[in-house]
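See structure below.
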Amino acid sequence: MKKNKQEKIAKAINKNVRSSPRKVNLILKHIKGKMASIAIRDLSFARKRIAHEVKKTVQSAIANAENNYQFDIDNLFIKEAYVGKAIVMKRFRARAKGRASAIKKPYSNVTIILSEKTNSSLEENGSKS
């Protein structure tokens, strides 16, 4: 059975997060495909500093899903989670012999996309027995 209608998704974007995309991506890899409640729990206990910002973005996406599309919170899962580059602040630090070296302070844009797990999608794949 194919679905003809467009699948509804809920989205949240956190712009100008003060961390490099490479560091944020480490956290996002762990939450892709997980149920939203489990992802929030995992982010609460993650040791990375940036996990707090990612958690706020996931909570915003859950709020968007609930208010804009009336999704059931218990059925939400993280369909996509990705990060992109934003601005890079350039600073200089004094070095020996009158030289200077560049310091790059990168920013990121975090995007979280949620979707609702339905029983029909479970039936399409069949049972495991």
* Criterion violated by residue 80 - all others in (1) out of contact with any Lys or Arg (no Cβ under 6 Å at 6 or more places or on another chain); (2) at pLDDT 95 or above; (3) closer than 22 Å to residue 20 by Cβ satisfied -> (2)
* To do: Collect the residues in the stretch 81-97 that are surrounded by 15 or more Cβ atoms within 10 Å (Cβ to Cβ) and in contact with a Pro (Cβ under 6 Å, 6 or more places away or on another chain), keeping them in residue-number order.
  => 83
* To do: Only one of these is surrounded by 12 or more Cβ atoms within 10 Å (Cβ to Cβ), farther than 16 Å from residue 117 by Cα and hydrophobic (A, V, I, L, M, F, W, C): 78, 27. Name it.
  => 27
* Looking only at the stretch 102-115, decide whether some residue is modelled with pLDDT of 95 or more, touching a strand residue (DSSP E or B) at 6+ places or on another chain (Cβ under 7 Å), surrounded by 10 or more Cβ atoms within 10 Å (Cβ to Cβ) and over 23 Å from residue 27 (Cβ atoms). => yes
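The values are calculated or read from the model by the stated rules, or taken from the named source; none is laboratory data. Please read all numbers here as calculations on a predicted model, not as lab measurements. When we count neighbours, we look across all protein chains shown, and the Cβ atoms used for this are built from the backbone with ideal geometry, even at glycine.
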